[in-house]
Amino acid sequence: MTHSIIIPDLGATGGDVKIVEWLVREGQHVDAGDTLFVVETDKATEEIPAFRAGYLRRVLAHADEERLPGDVVGLMTDTSDEAIVDPTAASVEPVAAVAATTSVSRVVRRLTASPRARHLARQHNLDLANVKAASASAIQVRDVVAALEGQPVAADWLIAAFRRMVLIRRYEEHLYQLFLQGLVPGTLHQCQGQEAVAVGVCSSLRRDDMIFSTHRPVGHLLAKGASLNAITAEIWGKATGCVGGKGGQMHLADFSVGAMVSNAIVGANIPIATGCAMAFKLQGLDRVAVSFFGDGACNIGAFHEGLNLAAVQDAPVVFVCENNLYAASTHISVTTRISNLADRAAAYGMRGYTADGMDVEAVSALAAAAIERARLGKGPTLLEYRTYRYRGHSRGDPCGYRADEEQRSWLARDPIERVRIRLNQDFGVTEENLGTIEQECQREIEAAVEFALASPEPTAESCLEHVFA
Amino acid sequence: MGMAEALRDAMRIAMRKDPTVLLLGEDIGVSGGFGGGFTVTLGLSDEFGHDRVIDTPISESAIVGAAVGAAMAGSRPVAEMQYGDFVFCAMDQVVNQAAKMHYMSNGQVRVPLVLRLPVGASQRGAQHGQCTEAMFTHTPGLKVVCPATPYDAKGLLLASIRDDNPVVFFEHKLLYGGKGTRKESASVSLGADVPVEDYEIPLGTVAVVREGGDITVVANMLMVHRALSAAEILAAEGIEAEIIDIRCLVPLDIATIEQSVQKTSRLLIVEEDHLTGGWGAEIAALIAERALNYLDAPIRRVAAPDTPLPCAAALERAFVPSVERIVSTAMQMTR
């Protein structure tokens, strides 16, 4: 049977798509998922995979030729020697990327290298799987050069990520222990288990990029570099708190590092981050806004309205969904029919990717690519990271709704242990050095709590301050 | 210049002088379109482009949310709800976000946005004509403005755009003016001169639009004009009403109202908002607290009843405070 190969709708602004090169010759066999050809749009260079196995029989659009999405550029058959049927016949079934949604999400998950880096790697027959990104971004040309020269990738970035994740984990656990002793005022929504998402995303941002966090903000704030003393004092309701005691645990901020007041209305920060990004764009700035939210937020209207507006405005915003499987106590299967929340991006003509949120390197590679796209004016992206919340939704939630087996399986994928092993085995960082980092974090945390406890309470008069500017 | 033109003029001036001012709303900038529900933004996208006059999807929550985010990032957005009633789709963004961000940040971020709401009964029924000022006066952190004249509309809108706080700006549909099919059939003719210059009317001020010594009548928007008509009838009966246009509800210039009540000893409040929990109830409470001993009669309110807004002309006449009701209530109070 003959199948036509079609230029997918790549979510570009429309117009021509240029064929860069075919990676398969006529007559050659391909498996589903193998890259057939590379195209260039006004937005990016992308590899177009085959969606079924077969033989490439005819190339109808060659390198440097331009076509429109939906155009047939080649023909495949199931066997190597069968007759090719007229491609315009009704029986012809497309094999590549008929639906924009499918093609885009499949292409995206491979997109962890810049087009130039990919091109260079291809020229040298270097498998990108053997190239490590040196910093918190997708594989760049310098990484390919380093790999070609046989140089090891610097471990600095990974060590910094380890330190940041340890700080978050130890801080949250320290608070939890104090909470069990009745020493933490107010509410508590903790992020143990989700550290890789916060750190992987924020380590790819600039200081002047803005993040909009949630009722579970500690990881995002610390990953963005917020003051540990100020957020700790805020949790204890002190005058030295990051927002003077007006916020509490769910409303943490550090404006000096672009961490806006975290928002405790589920999904509300999605349109807000969008508007922030629209303002950046209008002001001619190359700053990026990031909205963090959970899987539960994907079912509130603000998600739909915000993503759609961001898409039509090409707003430089990245939507980061931390899919920890539970909206408070309700499992995602009870509330949502689709398996990949990132697929919803297709409904807005946006790119959407699902990735492992327990792997800080994978998180970072994907986030860096999305952030770079946003910064270059190529519009928003929805990133879904699969992760797990080790503790309850909020204080006093013993998680009676989660099976032990499920919890064990996620704990076995712990993002910090994963980096510890990688640093130790792949980069030769000793246990002793890693232990030193942990001790330093612990001391910093204990000092922050001491600072908070020793700080004065806000004055009664300050209750009336800052209603209006 | 009618009120729609005056508002447009204010936005044009603000946008020319300040590149951070941008407009968001449904149908506000479409080329060949109608400039929002009531022509207020007509032509502005021709001058300022579609990047600054942004046609949004029908997504009120995203319109207001984006305005909040843009304001936090240094822009001065002016967001339009096509009808004021639609703001309820965006109430989280208005009440939980716009109103609270400055406070929640302990003064570290500002949210300088204007939310324009066309309101007022105009034979469109319960979901296209409510006056809902009190819902916003009850939310700390929002300024609430409600002009009655083109002159005030322009000066108050310029002041609102340049204010560093979220301002909910009510515009009564029957006061817009306009021409041809775009003019509301029950429109009030307002012959005010509006200067072409840039001028601001400070928020937090009221206007004494008619002086009189027998009764103070406080009203806003369309009700100011009904109160003025009533005052002419009352004058023929020998009753001189002092009419105060409460063009800004938050912040509230209660002192001017109090001074007037000290002079007249009577207070009548006229509002198209519902009676129960309306802004009129708040004014009544404030005057009772501050000037009870000056009063010669109970404070009275003429307000919309506690029912949804009906559509038919006969029902709407029964719903919206009329000149006759104002006159008869004032007569009872001064008898």
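The values are calculated or read from the model by the stated rules, or taken from the named source; none is laboratory data. All values derive from a computational prediction rather than experimental measurement. All Cβ positions, even for glycine, are placed from backbone atoms using ideal geometry, and neighbour counts span all protein chains on display. Accessible surface is based on the protein model in full, side chains and every heavy atom, while ligands, DNA and RNA are left aside. Shrake-Rupley method; radii C 1.70, N 1.55, O 1.52, S 1.80 Å.
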Residue list for region A:197-222, filter: touching a Gly at 6+ places or on another chain (Cβ under 8 Å), closer than 18 Å to A:VAL266 by Cα and open to solvent by 10 Å² or more (accessible area, probe 1.4 Å): A:THR214, A:ARG216
In the set B:VAL167, B:VAL208, which member is over 28 Å from B:GLN93 (Cα atoms) and either of a type in the set (Gly, Ala, Ser) or touching a strand residue (DSSP E or B) at 6+ places or on another chain (Cβ under 7 Å) (or both)? B:VAL208
Of the residues in region B:24-64, how many are of a type outside the set (S, T, N, Q), more than 20 Å from B:PHE86 (Cα to Cα) and modelled with pLDDT under 95? 2
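Can you tell me which of A:ILE437, A:ILE421, A:ILE416, A:ILE445 is without any contact (Cβ under 8 Å) to a residue 40 or more places away in the chain and not polar (S, T, N, Q)?
Exactly one of A:ILE437, A:ILE421, A:ILE416, A:ILE445 is without any contact (Cβ under 8 Å) to a residue 40 or more places away in the chain and not polar (S, T, N, Q), namely A:ILE421.
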Output the residue which, of all residues in region B:259-305 that are in contact with a Phe, Trp or Tyr (Cβ under 7 Å, 6 or more places away or on another chain) and acidic (Asp, Glu), is farthest from B:THR137 (Cα to Cα). B:GLU271
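Of all residues in region A:376-402, how many are closer than 18 Å to A:ASP295 by Cβ and aliphatic (A, V, I, L, M)? Steps first, answer last, please.
Applying the first criterion (closer than 18 Å to A:ASP295 by Cβ) to region A:376-402 yields A:381-394, A:397, A:399, A:401-402.
Next cut, aliphatic (A, V, I, L, M) only: A:382-383.
The qualifying residues number 2.
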What pairs come up if the first residue lies in region B:95-119 and is at the interface with another protein chain (Cβ under 9 Å from one of its Cβ atoms) and under 16 Å from A:ASN269 (Cβ atoms), the second is in a helix (DSSP H, G or I) and among the β-branched types (Val, Ile, Thr), and their beta carbons are under 7 Å apart, counting only those six or more places apart or on different chains? B:GLN97/A:ILE272; B:GLN97/B:VAL68; B:MET101/B:VAL68; B:VAL111/B:VAL68
Given (1) open to solvent by less than 10 Å² (accessible area, probe 1.4 Å); (2) closer than 12 Å to A:LEU309 by Cβ, number of the condition B:GLY35 does not satisfy: (2)
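Only one of A:ALA12, A:ALA61, A:ALA89 is open to solvent by less than 50 Å² (accessible area, probe 1.4 Å), hydrophobic (A, V, I, L, M, F, W, C), at pLDDT below 85 and closer than 30 Å to A:TYR348 by Cβ. Can you tell me which? If you could, list the steps in order and put the result at the bottom.
Values: A:ALA61 fails: at pLDDT below 85; A:ALA89 fails: closer than 30 Å to A:TYR348 by Cβ.
Residue meeting the stated conditions: A:ALA12.
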From the options A:ALA223, A:ALA239, A:ALA230, A:ALA253, residue that is modelled with pLDDT of 95 or more and away from chain B (no Cβ under 14 Å): A:ALA223
Scope region B:120-141; condition out of contact with any Gly (no Cβ under 9 Å at 6 or more places or on another chain), more than 9 Å from every other protein chain (Cβ to nearest Cβ) and open to solvent by less than 30 Å² (accessible area, probe 1.4 Å); matching residues: B:GLY125, B:PHE136, B:THR139
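Do the conditions hold for B:GLU289, that is, is it open to solvent by 40 Å² or more (accessible area, probe 1.4 Å), under 21 Å from B:SER265 (Cα atoms), acidic (Asp, Glu) and without any contact (Cβ under 8 Å) to a residue 60 or more places away in the chain? Please lay out each step first, then the result.
Details: open to solvent by 40 Å² or more (accessible area, probe 1.4 Å): yes; under 21 Å from B:SER265 (Cα atoms): yes; acidic (Asp, Glu): yes; without any contact (Cβ under 8 Å) to a residue 60 or more places away in the chain: yes.
Criteria met by B:GLU289.
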Taking region A:268-289 as the search range and keeping residues that are of a type in the set (Val, Ile, Thr) and assigned to a helix (DSSP H, G or I), which one is farthest from the other protein chains (Cβ to nearest Cβ)? A:ILE270
The lone condition A:GLY392 fails out of (1) part of a helix (DSSP H, G or I); (2) surrounded by 16 or more Cβ atoms within 10 Å (Cβ to Cβ) is (1)
Taking the conditions exactly as written (surrounded by 11 or more Cβ atoms within 10 Å (Cβ to Cβ), assigned to a helix (DSSP H, G or I) and free of Cβ contacts under 8 Å to residues at least 60 places away in the same chain), does A:GLN407 satisfy them or not? yes
Could you list, in sequence order, the residues of region A:319-354 that are more than 14 Å from chain B (Cβ to nearest Cβ), in contact with a strand residue (DSSP E or B) (Cβ under 8 Å, 6 or more places away or on another chain) and assigned to a strand (DSSP E or B)? A:VAL320, A:CYS321, A:GLU322, A:ASN323, A:ALA327, A:ARG351, A:GLY352, A:TYR353, A:THR354
Count of residues meeting criterion [farther than 17 Å from B:THR139 by Cα and of a type in the set (Ser, Thr, Tyr)] in region B:79-104: 1
